[in-house]
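Each remark here refers to the structure printed beneath this line.
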Amino acid sequence: MTFDVNKIRNDFPILKQKINGKPLVYFDNAATSQKPQIVIDTLRKYYEEYNSNIHRGVHFLSAKATDRYEAARNRIKEFINADKSGEIIFTKGTTEAINLVASSYGEKFLKEGDEVIISEMEHHSNIVPWQLLRDKKKIVLKIIPVSDSGEIIFEEFEKLISKKTKFVSIVHISNSLGTINPVQEMIKVAHKHKIPVLVDGAQSVPHSQIDVRYLDCDFFAFSGHKVFGPTGIGVLYGKKEFLEKMPPYQGGGDMIKNVTFEKTTYNDLPYKFEAGTPNVAGVIGMGAAIDYINFVGMGNISAYEKELLKYATEKLTQIPELRIIGTAKRKASVISFLVGNIHPYDAGIILDQLGVAVRTGVHCTQPIIDRFKIPGTVRASFSFYNTKEEIDILEYGIKKVIKMLK
């Protein structure tokens with residue numbers, strides 16, 4: 001399709017509303033994205049027409065729900081170019097996906113003294129699960145340092161690898177800095193040492209085409225709500241060779257083949273990791289979101305968002321009092337900044353009065369915020385339904401913040 005941002009905006013009903021009497025300018029996309037009408041309609045249709053549990057029923061509604069659920073799994077498999085649909089595990093989101101790997105893979109394959117490498121810019125969801133495993137199994141957590149521009153210091157990553165290194169878990173795009181990490185190169189280095197790699201793709205999937213086979217990552221995690229789908233649903237991709245060897249993350253219905261009080265045998269992939277009644281509506285809704293992304297075209301999305309990032313960076317760097325945190329050469333559509341000595345929360349409240357929704361604080365990445373010795377940032381994160389005119393409003397709002405709080 002020909003990319004027309006005004007036409008795109010018409011697909012997102014929430015963007016039509018006013019906040020404090022001003023048109024909504026939604027720049028909090030890194031936290032969660034807005035939903036197109038097709039996703040909203042799909043969710044409503046599920047609940048109105050064929051709401052049912054899946055895999056267990058022989059009746060019409062169950063069969064239809066199961067068909068839609070598994071069709072969504074197959075579309076997601078194709079979307080990230082996984083080899084098999086059984087490599088697509090549905091979770092509550094990126095956080096649960098990482099916890100699943102840390103718990104299941106870590107429990108079976110890691111032992112006391114083994115090392116796991118993460119980076120200084122990780123989201124808490126890619127720090128805390130490994131700390132829990134460290135406290136339980138006495139593994140060692142090693143941290144890749146980040147430069148003043150917000151880039152991973154690749155040479156330091158290579159130095160951290162030792163004979164005891166057994167796993168690498170790395171963020172693809174930083175939610176607080178916008179940095180695009182060289183994950184493919186990092187995976188190549190890790191694989192030379194036969195070290196598996198998990199990629200946190202929560203921020204990369206909405207902005208770029210992901211090919212897990214091209215990356216050659218062993219695990220890849222992302223969330224539905226950041227790719228214009230429902231909340232409470234996400235995906236863990238894992239190579240079959242690893243998933244088959246990993247024990248179940250949770251026990252219950254649908255992850256079993258046979259249960260007696262003496263012994264339980266587990267289901268095949270992917271169901272071994274999907275205990276209990278799943279978020280059927282969420283999966284089907286995420287499938288609709290993937291259809292919408294494919295309709296717009298990821299190439300169109302990426303190209304337009306690069307324009308927005310360039311325009312916003314040029315605009316904001318002209319404000320003398322503004323300091324951008326995270327100036328990597330390769331960035332996605334995120335700008336984190338401070339305005340003079342003004343606290344991020346104060347700036348965020350004034351911008352909200354103008355209808356501008358930004359995120360303030362540490363963005364669930366306290367270690368990297370502490371590394372820059374700052375209290376937090378104001379974060380403006382863009383999506384393909386945003387406009388340059390909205391960036392102009394942000395610029396005006398920042399200048400108003402400066403004027404009011406001087």
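The values are calculated or read from the model by the stated rules, or taken from the named source; none is laboratory data. Given the structure is predicted, the values throughout are model-derived calculations rather than measurements. We place every Cβ from the backbone using ideal geometry, glycine too, and count neighbours over all the protein chains shown.
Within the range 225-239, is there a residue that is in contact with a Phe, Trp or Tyr (Cβ under 8 Å, 6 or more places away or on another chain), modelled with pLDDT of 95 or more, outside the structural domain of A332 (by TED's automatic domain parsing) and of a type in the set (V, I, T)? Spell out how you get there, then give the answer.
Residues of the range 225-239 that are in contact with a Phe, Trp or Tyr (Cβ under 8 Å, 6 or more places away or on another chain), as a first pass: 228, 233-239.
Of the ones still in play, those that are also modelled with pLDDT of 95 or more are 228, 233-239.
This time we only want the ones that are outside the structural domain of A332 (by TED's automatic domain parsing), so: 228, 233-239.
Next, only the ones that are of a type in the set (V, I, T) stay: 233, 235.
Yes.
Does the range 266-285 contain any residue that is under 30 Å from V5 (Cα atoms), surrounded by fewer than 20 Cβ atoms within 10 Å (Cβ to Cβ) and either modelled with pLDDT of 95 or more or not hydroxyl-bearing (S, T, Y) (or both)? Outline the logic, then answer.
Quick first cut of the range 266-285, residues under 30 Å from V5 (Cα atoms) only: 281-285.
Within this subset, residues satisfying the condition of being surrounded by fewer than 20 Cβ atoms within 10 Å (Cβ to Cβ) are none.
No, every residue in the range 266-285 fails to be under 30 Å from V5 (Cα atoms), surrounded by fewer than 20 Cβ atoms within 10 Å (Cβ to Cβ) and either modelled with pLDDT of 95 or more or not hydroxyl-bearing (S, T, Y) (or both).
Give the residue that is nearest to H207 (Cα to Cα), with candidates limited to residues of the range 42-84 that are assigned to a helix (DSSP H, G or I) and among the β-branched types (V, I, T). Before you say what the answer is, go through the steps one by one.
Looking only at the range 42-84, we keep the residues that are assigned to a helix (DSSP H, G or I), and these are 42-49, 60-79.
Retained after the next criterion (residues that are among the β-branched types (V, I, T)): 42, 66, 76.
Numbers: T42: 23, T66: 29, I76: 15 Å.
The extreme case among them is I76.
Go through the residues of the range 355-371 one by one and say whether even a single one is outside the structural domain of S208 (by TED's automatic domain parsing) and over 26 Å from S149 (Cα atoms).
Here is the first cut: in the range 355-371, the residues outside the structural domain of S208 (by TED's automatic domain parsing) are 355-371.
When the remaining residues are screened for being over 26 Å from S149 (Cα atoms), the result is 355-356.
The answer is yes; a qualifying residue exists.
Tell me which of these V39 doesn't satisfy, since it passes every other one: (1) in a loop (DSSP other than H, G, I, E, B); (2) β-branched (V, I, T); (3) in contact with a helix residue (DSSP H, G or I) (Cβ under 7 Å, 6 or more places away or on another chain).
(1)
Any residue at all in the range 209-230 that is in contact with a Lys or Arg (Cβ under 6 Å, 6 or more places away or on another chain) and not in a loop (DSSP other than H, G, I, E, B)?
no
Picking from I152, I210, I170, which residue would you name as being in contact with a Pro (Cβ under 8 Å, 6 or more places away or on another chain), assigned by TED's automatic domain parsing to the domain that holds E115 and within 30 Å of Y304 (Cα to Cα)? Let's see the steps before the verdict.
Working: I210 fails: in contact with a Pro (Cβ under 8 Å, 6 or more places away or on another chain); I170 fails: in contact with a Pro (Cβ under 8 Å, 6 or more places away or on another chain).
The unique qualifying residue is I152.
Looking at this structure, is G348 in the same structural domain as N181 (by TED's automatic domain parsing), part of a helix (DSSP H, G or I) and either under 18 Å from the mean Cα position of the chain (by Cα) or farther than 21 Å from V227 by Cβ (or both)?
Details: in the same structural domain as N181 (by TED's automatic domain parsing): no; part of a helix (DSSP H, G or I): yes; either under 18 Å from the mean Cα position of the chain (by Cα) or farther than 21 Å from V227 by Cβ (or both): yes.
Criteria not met by G348.
Per-residue answers, yes or no, for (1) surrounded by fewer than 17 Cβ atoms within 10 Å (Cβ to Cβ); (2) touching a strand residue (DSSP E or B) at 6+ places or on another chain (Cβ under 6 Å):
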residue: P13; (1), (2): yes, no
residue: V25; (1), (2): no, yes
residue: A30; (1), (2): no, yes
residue: K35; (1), (2): no, no
residue: V39; (1), (2): no, no
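Is it the case that Y304 is surrounded by fewer than 19 Cβ atoms within 10 Å (Cβ to Cβ) and not acidic (D, E)? Full working, then the answer.
On the way: surrounded by fewer than 19 Cβ atoms within 10 Å (Cβ to Cβ): no; not acidic (D, E): yes.
So Y304 does not fit the description; no.
Go through the range 188-203 residue by residue and tally those that are surrounded by 21 or more Cβ atoms within 10 Å (Cβ to Cβ) and not acidic (D, E). Working first, answer last.
Going residue by residue through the range 188-203, those that are surrounded by 21 or more Cβ atoms within 10 Å (Cβ to Cβ) are 190, 196-203.
If we keep only those that are not acidic (D, E) too, we end up with 190, 196-199, 201-203.
Number of matching residues: 8.
Hey, can you tell me all the residues within the range 204-230 that are closer than 15 Å to G287 by Cα and either within 12 Å of the chain's Cα centre (by Cα) or crowded, with 24+ Cβ neighbours inside 10 Å (or both)?
In the first step, residues of the range 204-230 are kept if they are closer than 15 Å to G287 by Cα; the result is 205-206, 222-230.
Residues satisfying the conditions are V205, P206, F222, S223, G224, H225, K226, V227, F228, G229.
Test F273 against the stated conditions and say whether it is touching a helix residue (DSSP H, G or I) at 6+ places or on another chain (Cβ under 6 Å), under 30 Å from I38 (Cα atoms) and of a type outside the set (S, T, N, Q).
Details: touching a helix residue (DSSP H, G or I) at 6+ places or on another chain (Cβ under 6 Å): no; under 30 Å from I38 (Cα atoms): yes; of a type outside the set (S, T, N, Q): yes.
No; evaluated as a whole, the condition is false for this residue.
Is it the case, given these coordinates, that Q17 is buried (at least 18 other Cβ atoms within 10 Å of the Cβ) and of a type in the set (S, T, N, Q)? Break it down into steps so the answer makes sense when it comes.
Details: buried (at least 18 other Cβ atoms within 10 Å of the Cβ): no; of a type in the set (S, T, N, Q): yes.
No, not satisfied.
Quick one: in the range 90-128, which of the residues that are part of a strand (DSSP E or B) and over 15 Å from the mean Cα position of the chain (by Cα) is surrounded by the most Cβ atoms within 10 Å (Cβ to Cβ)? Break it down stepwise before answering.
Quick first cut of the range 90-128, residues part of a strand (DSSP E or B) only: 90-91, 115-119.
Remaining after also requiring over 15 Å from the mean Cα position of the chain (by Cα): 115-119.
Numbers: E115: 19, V116: 24, I117: 24, I118: 23, S119: 28.
Looking at the filtered set, the residue picked out is S119.
Among the residues of the range 163-178, which ones are over 28 Å from V378 (Cβ atoms), assigned to a loop (DSSP other than H, G, I, E, B) and touching a His at 6+ places or on another chain (Cβ under 9 Å)?
K163
Listed residues K306, K329; which is in a helix (DSSP H, G or I) and of a type in the set (K, R)? Spell out the reasoning first.
Details: K329 fails: in a helix (DSSP H, G or I).
Unique residue meeting the criteria: K306.
Given the criterion of a type in the set (V, I, T) and either in the same structural domain as D370 (by TED's automatic domain parsing) or farther than 23 Å from L160 by Cβ (or both), identify the matching residue among I88, I98, I127, I118. I'd like the intermediate steps shown before the answer.
Working: I98 fails: either in the same structural domain as D370 (by TED's automatic domain parsing) or farther than 23 Å from L160 by Cβ (or both); I127 fails: either in the same structural domain as D370 (by TED's automatic domain parsing) or farther than 23 Å from L160 by Cβ (or both); I118 fails: either in the same structural domain as D370 (by TED's automatic domain parsing) or farther than 23 Å from L160 by Cβ (or both).
Every option except I88 fails the conditions.
For the range 66-73, check the following and say yes or no: at least one residue is of a type in the set (A, V, I, L, M), under 30 Å from K45 (Cα atoms) and surrounded by fewer than 17 Cβ atoms within 10 Å (Cβ to Cβ).
Within the range 66-73 (the criterion being of a type in the set (A, V, I, L, M), under 30 Å from K45 (Cα atoms) and surrounded by fewer than 17 Cβ atoms within 10 Å (Cβ to Cβ)), the answer is yes, since at least one residue qualifies.
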